[in-house]
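K.L.:
Okay, here's the structure, questions in a sec.
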Amino acid sequence: MLYLSLFIFRPRVQTLKPTDKEGKIEAWKTLREEVLPAQFALLEKYLEKSGKPYFGGDEPNAADVYFYAVYGIYEHSEMGAAEILENYPKLKGTTEGVKEMGRVKEWVRGVAYFHSDPERPPPF
């Protein structure tokens, strides 16, 4: 799970490095057009190879919930994560399955702390 956490969330940190507007836009563009598609493709391949609907097998486990949470951060940043996920049906199925788990389906996302629009400052 540590590997999954570093693999999927670490690139988000790269969007914090640029200090100018153009650099931030480029960092988010790279994340959207190159990094997430490559990561999602690798995770899709894992699910295809395993033949299981979740990273943990037939039932969701912590890795699935973690992916759902990190994916939600990307989706909430309005950087196009939902459109990217459409290209990966098994990964989308995993996300949809986790979304319907227990109290996860009751979770309401709050304010976006990480937004892809450099004109929109963090709310803190």
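The values are calculated or read from the model by the stated rules, or taken from the named source; none is laboratory data. The structure presented is a predicted model; accordingly, all values stated were derived computationally and were not measured. Cβ coordinates were reconstructed from backbone atoms using ideal geometry, including for glycine residues, and neighbour counts include every protein chain displayed. Each accessible area value is taken on the protein alone, full model and side chains, heavy atoms only, with ligands, DNA and RNA left out. Shrake-Rupley method; radii C 1.70, N 1.55, O 1.52, S 1.80 Å.
K.L.:
Considering every residue within the stretch 85-93, establish whether at least one is under 27 Å from GLU119 (Cβ atoms), modelled with pLDDT of 85 or more and not aliphatic (A, V, I, L, M).
P.N.:
First pass over the stretch 85-93, keeping only residues under 27 Å from GLU119 (Cβ atoms): 85-86.
Retained after the next criterion (residues that are modelled with pLDDT of 85 or more): 85-86.
Add one more test, that the residue is not aliphatic (A, V, I, L, M), and what stays is 86.
Checked the stretch 85-93: at least one residue is under 27 Å from GLU119 (Cβ atoms), modelled with pLDDT of 85 or more and not aliphatic (A, V, I, L, M).
K.L.:
Just need a number here: residues in the stretch 62-84 that are at pLDDT below 95, under 20 Å from THR30 (Cα atoms) and charged (D, E, K, R).
P.N.:
So the answer is 2.
K.L.:
Which of (1) more than 22 Å from ASP117 (Cα to Cα); (2) open to solvent by less than 70 Å² (accessible area, probe 1.4 Å) does ASP58 not meet, given it meets every other one?
P.N.:
Among (1) more than 22 Å from ASP117 (Cα to Cα); (2) open to solvent by less than 70 Å² (accessible area, probe 1.4 Å), ASP58 violates only (2).
K.L.:
Also, I was wondering about something else. Conditions: (1) touching a residue at least 12 places away in the same chain (Cβ under 8 Å); (2) assigned to a helix (DSSP H, G or I); (3) over 25 Å from GLU119 (Cα atoms). ALA38 meets all but one. Number of the miss?
P.N.:
Against the list (1) touching a residue at least 12 places away in the same chain (Cβ under 8 Å); (2) assigned to a helix (DSSP H, G or I); (3) over 25 Å from GLU119 (Cα atoms), ALA38 comes up short only on (1).
K.L.:
On to the next question. Taking the stated definitions as given, is GLU59 in a helix (DSSP H, G or I), more than 9 Å from the chain's Cα centre (by Cα) and either at pLDDT 95 or above or closer than 19 Å to GLY102 by Cβ (or both)? First the steps, then the outcome.
P.N.:
Working: in a helix (DSSP H, G or I): no; more than 9 Å from the chain's Cα centre (by Cα): yes; either at pLDDT 95 or above or closer than 19 Å to GLY102 by Cβ (or both): yes.
No: the conditions fail for GLU59.
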